[in-house]
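Take a look at the structure below.
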Amino acid sequence: MSVSNALVRSTPEAQGIPSSAILAFIEETERQKLELHSLMLLRHGRVIAEGWWAPYTPERPHMLYSLSKSFTSTAVGLAVAEGRLTVDDPVLAFFPEDAPKRPSANLKALRVRHLLSMATGHDKDTTGFMRRSKDGNWARAFLARPVTHVPGTHFLYNTGATYMLSAIVQRQTGQTLLEYLEPRLFEPLSIEGATWESCPRGINTGGYGLSIKTEDVARFGQLYLRQGMWRGQRILPETWIAEATALQVSNGSEPESDWEQGYGYQFWRCRHNAYRADGAFGQFGIVMPDQDAVIAITAGVNNMQKVLDLAWQHLLPAMDRYPLLDDPESQAMLSAKVRQLALLPPGGTETSPRAAQVSGRVFRFDPNRQGITSVRLDFGNSETVVSTNDGQREHRLVCGYGAWRMGATALGATNAQLSAVATAGAWTSPDTYTAQIRFIETPHCTTLTYRFADATLTYQAQHNVAFGPTRGPRLVGRAGPA
């Protein structure tokens, strides 16, 4: 990143917000056990607070889930500006070979703008049907789904619609979203190392799958706050930003819900005239035009509304129009807090009388849905090696005691792809060892408990966040020969 493109840092008070308000927001998220991974707050284009909860760090990308959608929308906006398509183009026109033989009137009426605004007319999210298509042709699977409502009249959050936008961009440009955005968005904003998942046919998934750093999310929000300008260069048309972030379709009427304030073009409207890009489990890029502020957050939380509530409670009302008097004491307290941010390893003892009895023993499991065939724990000084066999390979993790150990694992991955992890563990009772695996480039963390009794081991996994159940079934393994 060039020095000229670095974000400028400032004190909160110089930009009109008390350090104490930011400190109160951070402390309240921790008090309410909201697991934030990172926070970056910009005011008047300057970074006034930033922090990462160890073992998460600034240089690592973070899986964004549906926050990716707003980047897909941006690609569409760029393609529209280049004359490659319009928002009023029929979706069927891009996929003549994948269209049903007798498309319905509603499908014929489906336009690009309906994909953008989640008003496709479907009754159910199409993503599951697309992912299960045997030929891997997600576009054909999308077009085969019944369009029950007239497009434009019915809001339904539909990640399959965002995939179709990605497929359209690739059709019209000959490039994936990632390739297309690289020179037009990522390079000007100094966003480096972005990755994006793809479907079986090599089309970026669009509605999810983008991984970038927290500061990259903040830069993206700042671009939108500045109406498409970046360092004096026009990146996006101002008219597109106005259209994309305006209310395009109503999605509810609950005044206290930030999920019922209306939807734009892959952006959510918020209370207080703000809008946001967001992804599952607390990935946020919040733009606050009235306050000239941007908040970027990565997290692993189930209650996303609570995070927004605390931002509106502590940060928004504290933003003054004018600079405040310098407050060195409050600034020092905030600085000390962000330096010490951490998600602690499991608490407990370093060893147990049971450790010597079970160390190195192999516990084998009957066939189970998790695919685990055996587990072995080797207890040593200040670390434990956990070896899990899934019938295909052995996955070895080194768990520190009182400190995170960095590593990588393919445990639980369907494609054998390694994920960066931080691992730690402790004896949480005389017969139970607890290990925690933080997948530090994602919102996900798994806590594993191993309870030893005679010649058996009871194993259970607990996930911090998930789209389904967070607690796995108990498995009982029996000791056998090593």
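The values are calculated or read from the model by the stated rules, or taken from the named source; none is laboratory data. The structure displayed is predicted, hence computed values, not measured ones. Neighbour counts are summed over all protein chains in view; Cβ atoms, including those assigned to glycine, are modelled from backbone coordinates with ideal geometry.
Inspect the range 124-131 for any residue being outside any helix (DSSP H, G or I), surrounded by fewer than 19 Cβ atoms within 10 Å (Cβ to Cβ) and either outside the structural domain of Q248 (by TED's automatic domain parsing) or within 24 Å of the chain's Cα centre (by Cα) (or both) and give the result as yes or no.
Yes, some residue in the range 124-131 is outside any helix (DSSP H, G or I), surrounded by fewer than 19 Cβ atoms within 10 Å (Cβ to Cβ) and either outside the structural domain of Q248 (by TED's automatic domain parsing) or within 24 Å of the chain's Cα centre (by Cα) (or both).
Yes or no, residue by residue, for (1) within 21 Å of the chain's Cα centre (by Cα); (2) surrounded by fewer than 18 Cβ atoms within 10 Å (Cβ to Cβ); (3) not assigned by TED's automatic domain parsing to the domain that holds W53:
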{"site": "I437", "(1), (2), (3)": "yes, no, yes"}
{"site": "P443", "(1), (2), (3)": "yes, no, yes"}
{"site": "L448", "(1), (2), (3)": "no, no, yes"}
{"site": "A453", "(1), (2), (3)": "no, yes, yes"}
{"site": "T458", "(1), (2), (3)": "no, yes, yes"}
{"site": "A461", "(1), (2), (3)": "no, no, yes"}
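Only one of G160, G121, G152 is within 17 Å of F94 (Cα to Cα), buried (at least 16 other Cβ atoms within 10 Å of the Cβ) and touching a residue at least 12 places away in the same chain (Cβ under 8 Å); which?
Just a single option satisfies the conditions, and that option is G160.
Anything in the range 11-32 that is under 22 Å from R231 (Cα atoms) and surrounded by fewer than 17 Cβ atoms within 10 Å (Cβ to Cβ)? List them, or say none.
Result: A14, single match.
With respect to R478, is the statement that it is more than 24 Å from P345 (Cβ to Cβ), out of contact with any Pro (no Cβ under 6 Å at 6 or more places or on another chain) and part of a strand (DSSP E or B) true?
Yes: the conditions hold for R478.
Give the residues of the range 56-101 that are charged (D, E, K, R) and either part of a loop (DSSP other than H, G, I, E, B) or closer than 17 Å to T245 by Cα (or both), sorted by residue number.
Scanning the range 56-101 gives E59, R60, K69, E82, R84, D88, D89, K101.
Taking the stated definitions as given, is Y322 surrounded by 24 or more Cβ atoms within 10 Å (Cβ to Cβ), of a type in the set (S, T, Y) and in contact (Cβ under 8 Å) with a residue 40 or more places away in the chain?
no
Every residue, every condition in (1) touching an Asp or Glu at 6+ places or on another chain (Cβ under 9 Å); (2) surrounded by 24 or more Cβ atoms within 10 Å (Cβ to Cβ); (3) aliphatic (A, V, I, L, M); (4) within 22 Å of N303 (Cα to Cα), yes or no:
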site: L34; (1), (2), (3), (4): yes, no, yes, yes
site: G45; (1), (2), (3), (4): yes, no, no, no
site: A79; (1), (2), (3), (4): no, no, yes, no
site: T86; (1), (2), (3), (4): no, no, no, no
site: A93; (1), (2), (3), (4): no, no, yes, no
site: A99; (1), (2), (3), (4): no, no, yes, no
site: R102; (1), (2), (3), (4): no, no, no, no
site: A105; (1), (2), (3), (4): no, no, yes, no
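Checking the conditions here, which among R171, R201 is assigned by TED's automatic domain parsing to the domain that holds R9, among the charged types (D, E, K, R) and not in a loop (DSSP other than H, G, I, E, B)?
R171
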